[in-house]
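Taking it in order: structure first as structure tokens, then the write-up.
The values are calculated or read from the model by the stated rules, or taken from the named source; none is laboratory data. Source: prediction; values computed, not measured. Here the Cβ is made from the backbone with ideal geometry for all residues, glycine too, and neighbour counts use every protein chain on show.
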Amino acid sequence: MTHVAFAPAAAPVSIPAIPVRELLPWAIFGGLLAIIAIYFVGVEEGAMAVFNGMYVHEFVHDGRHVLGFPCH
């Protein structure tokens, strides 16, 4: 003979809303990081290069191909 016991229902948990004033600086920061990452993966080579040499290009080479940026 088995007994089945049910746990009492838990009270609903309310999630507080995040004010836009607190979220906006983090969204801007994340956007800037994304723009910098896209620059280094997609543009950093040749005449527009910030750094001399091909070090950055070689470091992100495979990422360029995955994201569809041509480099050959």
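In segment 15-63, the qualifying residues are those that are in a loop (DSSP other than H, G, I, E, B) and surrounded by 10 or more Cβ atoms within 10 Å (Cβ to Cβ), and the one that is modelled with the highest pLDDT is VAL60. Note on segment 8-66: residues that are touching an Asp or Glu at 6+ places or on another chain (Cβ under 6 Å) and not aliphatic (A, V, I, L, M) amount to 1.
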